[in-house]
Each structure stands twice: as C-alpha cells, then as structure tokens.
Amino acid sequence: LTEVYSSSPALGRYFRSAQVISFSNESSTVIYQLVFSVPPSTERFMENSMNPDFIRNILRQNIYDED
C-alpha cells in the first residue's frame with residue numbers, strides 16, 4: 001500500500017503512511033489505516049480527492065495494472 005499511494009500522481013504528495021490494524025487468516029480480511037497530510041482543506045478537495053471511493057479506486061487501478 002505504501003508504494004501504491006506514495007507513487008500515485010493524485011495522492012502521492014499527501015500520503016504519509018499505511019498501517020495494518022487487523023488481519024484475519026480465516027477470512028483473508030485486512031483492515032488498514034491510511035494516513036494523509038492534506039493542506040488546509042477546501043470542501044471540494046475533501047469531497048473529491050479524499051473521497052473513500054476515489055482512494056479505493058487508486059488501489060483497484062494498481063491491481064488491474066499489475067495483471
């Protein structure tokens with residue numbers, strides 16, 4: 001995750017860290033925390049760039065690009 005987000009053209013300059021919060025071998029589930037340092041935000045910036053769907057799609061696109 002660190003490599004994906006730190007190299008992202010859209011979020012790389014804001015990305016600070018990724019940490020695994022919880023991991024389950026039984027269900028192959030990982031819960032992680034992403035930390036971003038953003039400039040004094042405007043409402044539009046938070047709605048677009050820090051939107052959870054946008055952040056997920058960056059990871060999803062990276063996975064597709066590897067295939």
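The values are calculated or read from the model by the stated rules, or taken from the named source; none is laboratory data. This structure is a prediction, so every number in the text was calculated from the model and none was measured. Methodologically, a virtual Cβ is constructed for each residue, glycine included, from the backbone with ideal geometry; neighbour enumeration extends over all protein chains shown. Just the protein is used for accessible areas: all its heavy atoms, side chains included, with ligands, DNA and RNA removed. Shrake-Rupley method; radii C 1.70, N 1.55, O 1.52, S 1.80 Å.
Which one of the conditions (1) free of Cβ contacts under 8 Å to residues at least 24 places away in the same chain; (2) of a type in the set (V, I, T); (3) open to solvent by less than 90 Å² (accessible area, probe 1.4 Å) does V38 fail to meet, given that it meets all the rest?
Answer for V38: the failing condition is (1).
Which residue out of R60, R44, R56 is at pLDDT below 90 and among the basic types (K, R)?
Result of the check over R60, R44, R56: R44.
With the condition kept exactly as written, say whether any residue in segment 16-34 is closer than 17 Å to D53 by Cβ and in a loop (DSSP other than H, G, I, E, B). Walk me through how you get there before you give the answer.
Kept after step one, since they are closer than 17 Å to D53 by Cβ, are these residues of segment 16-34: 32, 34.
When the remaining residues are screened for being in a loop (DSSP other than H, G, I, E, B), the result is none.
Scanning segment 16-34, I find no residue that is closer than 17 Å to D53 by Cβ and in a loop (DSSP other than H, G, I, E, B), so the answer is no.
On the given criteria, is P52 of a type outside the set (K, R) and open to solvent by 80 Å² or more (accessible area, probe 1.4 Å)?
Values: of a type outside the set (K, R): yes; open to solvent by 80 Å² or more (accessible area, probe 1.4 Å): yes.
Here the answer is yes, as P52 does meet what is asked.
State which residue is farthest from N62 (Cα to Cα) when the search covers only segment 3-15 and only residues that are open to solvent by 50 Å² or more (accessible area, probe 1.4 Å) and part of a helix (DSSP H, G or I). Before the answer, list the steps.
Residues of segment 3-15 open to solvent by 50 Å² or more (accessible area, probe 1.4 Å): 3, 6-7, 9, 13.
Then drop every residue that is not part of a helix (DSSP H, G or I), which leaves 3, 6.
Numbers: E3: 10, S6: 12 Å.
The extreme case among them is S6.
Tell me which residues, restricted to segment 20-30, are loosely packed, with under 10 Cβ neighbours inside 10 Å and in contact with a strand residue (DSSP E or B) (Cβ under 9 Å, 6 or more places away or on another chain).
I21, S22, S24, T29
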